[in-house]
Amino acid sequence: QVQLVESGGGLVQPGGSLRLSCAASGSIASIYFMGWYRQAPGKERELVAGINSGGFTNYADSVRGRFTISRDIAKNTVYLQMNSLKPEDTAVYYCKRIQRGATYWGQGTQVTVSS
């Protein structure tokens, strides 16, 4: 069983930065995909950034150039570095992992961008 725990969310002013972390318990074998999603009030959950087993990354158009996803396999952790944050980035951010045919989600961490 894989458990994902996000951390690093909080309140930040526009233009600021945050780094989210998603630490996983359990095996690191056969990880197919790791990614970050977000859900703002009244909106559907959307993909923010993802990284697959080959290390290829993809980003939502709205965050490309501002956010960077990375992983530390030894630490079983995936990160999301968020720079130049905007009020529209405000949402609950969720970590997702697809491993051995199963999908796992973290509990979410709130990111609020406001002055």
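The values are calculated or read from the model by the stated rules, or taken from the named source; none is laboratory data. Being a predicted model, the structure only gives us computed values, none of them experimental. Using ideal geometry, Cβ is built from the backbone for each residue, glycine included, and neighbour counts are taken over all protein chains shown. Protein only, heavy atoms only, side chains kept; ligands, DNA and RNA dropped before computing areas. Shrake-Rupley method; radii C 1.70, N 1.55, O 1.52, S 1.80 Å.
Numbers below:
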| read-out | value |
| --- | --- |
| Tally, over the range 34-55, of residues that are open to solvent by 30 Å² or more (accessible area, probe 1.4 Å) and aromatic (Phe, Trp, Tyr) | 1 |
| Matching residues, the range 1-33, being in a strand (DSSP E or B) and without any contact (Cβ under 8 Å) to a residue 60 or more places away in the chain | Ser21, Ala23, Ser25 |
| Any hit, the range 58-65, residues being open to solvent by less than 40 Å² (accessible area, probe 1.4 Å) and over 18 Å from Gln1 (Cα atoms) | yes |
| Residue that is nearest to Lys43 (Cα to Cα), among those in the range 58-90 that are in contact (Cβ under 8 Å) with a residue 24 or more places away in the chain and aliphatic (A, V, I, L, M) | Val63 |
| Condition broken by Leu11, with the remaining ones in (1) open to solvent by less than 60 Å² (accessible area, probe 1.4 Å); (2) at negative phi satisfied | (1) |
| Boolean, Ser30 is more than 21 Å from Pro14 (Cβ to Cβ), polar (S, T, N, Q) and either open to solvent by 60 Å² or more (accessible area, probe 1.4 Å) or in contact with a Gly (Cβ under 6 Å, 6 or more places away or on another chain) (or both) | yes |
| Pairs where the first residue, in the range 92-115, is open to solvent by 70 Å² or more (accessible area, probe 1.4 Å) and the second is charged (D, E, K, R), C-beta under 6 Å, 6+ apart | Trp105/Lys96 |
